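Heads up: the structure comes next, in structure tokens.
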Amino acid sequence: MEIVVGITGATGSIYAVRLLEALKENGVYTHLIMSHWAKENTVVEAKYSLDYLEGLAGEVHDNKNLGARTSSGSYVTDGMVVVPCSMKTLSSIANGYCENLISRSADVTIKEGRKLVICPRETPLSPIHLKNMLCLAEIGVKIVPPMPAFYNNPSSIDDIVNHHVMKLLDQFGINNANGKRWDG
Ligand SMILES: Cc1cc2nc3c(=O)[nH]c(=O)nc-3n(C[C@H](O)[C@H](O)[C@H](O)COP(=O)(O)O)c2cc1C
């Protein structure tokens, strides 16, 4: 399996770190693309070095490189996750504005009818944000915001993050033992 992972400058880069770790554990080959602000935020928030993050990926592409493999529909992948997704990148994807490799790869994922999972993060959400999400949801893009569940009695930030990563992996049918599911 091959998945493109786009990381943008919304807060919550720890979700991307854990997702990349889980994909690697599951033998999924990843294409990692980070925006400038994703890099800044990862270092500040997640306390992980970019080298660590990049080491988890199968290959790393520069967000400015619109000639990278994932910018063409002829390069086949199993889909893409944008996590966390800023409102700026959400808007560019919803409007087909392919100004960088993350938005172009998402555009390709949509046009090829592949699975696109967006993990938008902002609060409060304006009508513009909501309209952009609705626009994507209506064409089959999965909108999976990082909203913590409490039925699993999380006792740490890691519990909360792992639960959300499980929800992201579920979108691709990848099993993940790190999240605690509700079983009645
Ligand atoms: C510490 C920090 C936290 C941010 N959190 C968010 C956020 O949660 N959601 C959002 O839409 N933008 C957030 N931003 C703003 C984005 O980084 C900014 O809009 C940027 O242009 C997004 O570009 P990108 O999508 O190419 O990464 C944050 C910026 C900083 C510095």
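The values are calculated or read from the model by the stated rules, or taken from the named source; none is laboratory data. Quick caveat, the model's predicted, so the values are computed rather than measured. With ideal geometry, Cβ positions are generated from the backbone for all residues, glycine too; neighbour counts draw on all protein chains shown.
Scan region 67-86 and tell me whether some residue there is closer than 20 Å to ALA16 by Cα and exposed (fewer than 14 other Cβ atoms within 10 Å of the Cβ).
No: region 67-86 contains no residue that is closer than 20 Å to ALA16 by Cα and exposed (fewer than 14 other Cβ atoms within 10 Å of the Cβ).
Considering only residues that are part of a strand (DSSP E or B) and in contact with a helix residue (DSSP H, G or I) (Cβ under 7 Å, 6 or more places away or on another chain), which ones fall in region 31-61? If you could, list the steps in order and put the result at the bottom.
As a first pass, look at region 31-61 and keep what is part of a strand (DSSP E or B): 31-34, 59-61.
Those that are part of a strand (DSSP E or B) and in contact with a helix residue (DSSP H, G or I) (Cβ under 7 Å, 6 or more places away or on another chain): HIS31, LEU32, ILE33, VAL60, HIS61.
Given the options LEU23, LEU90, LEU32, LEU66, name the one that is more than 10 Å from the ligand (Cβ to nearest atom) and over 27 Å from ASN175 (Cβ atoms).
Unique residue meeting the criteria: LEU66.
Determine whether region 50-66 contains at least one residue that is crowded, with 23+ Cβ neighbours inside 10 Å, touching a residue at least 24 places away in the same chain (Cβ under 8 Å) and farther than 29 Å from LEU130 by Cβ.
The answer is yes, given that some residue of region 50-66 is crowded, with 23+ Cβ neighbours inside 10 Å, touching a residue at least 24 places away in the same chain (Cβ under 8 Å) and farther than 29 Å from LEU130 by Cβ.
Identify the single condition in (1) in contact with a Gly (Cβ under 6 Å, 6 or more places away or on another chain); (2) modelled with pLDDT under 95; (3) not aromatic (Phe, Trp, Tyr) that SER86 does not satisfy, given that it satisfies every other one.
Just one mismatch for SER86, condition (2).
Hey, can you tell me all the residues within region 101-125 that are touching a residue at least 24 places away in the same chain (Cβ under 8 Å), within 11 Å of the ligand (Cβ to nearest atom) and part of a loop (DSSP other than H, G, I, E, B)?
ARG121, GLU122
Go through region 142-159 and report how many residues are among the β-branched types (Val, Ile, Thr) and under 19 Å from ILE7 (Cα atoms). Talk me through it step by step, then tell me what you get.
Narrowing region 142-159 to residues among the β-branched types (Val, Ile, Thr): 143-144, 157.
Remaining after also requiring under 19 Å from ILE7 (Cα atoms): 143-144.
Qualifying residue count for the region: 2.
Take the conditions out of contact with any strand residue (DSSP E or B) (no Cβ under 9 Å at 6 or more places or on another chain) and surrounded by 16 or more Cβ atoms within 10 Å (Cβ to Cβ) and apply them to CYS98. Does it pass?
Judged against the criteria, CYS98 is a match.
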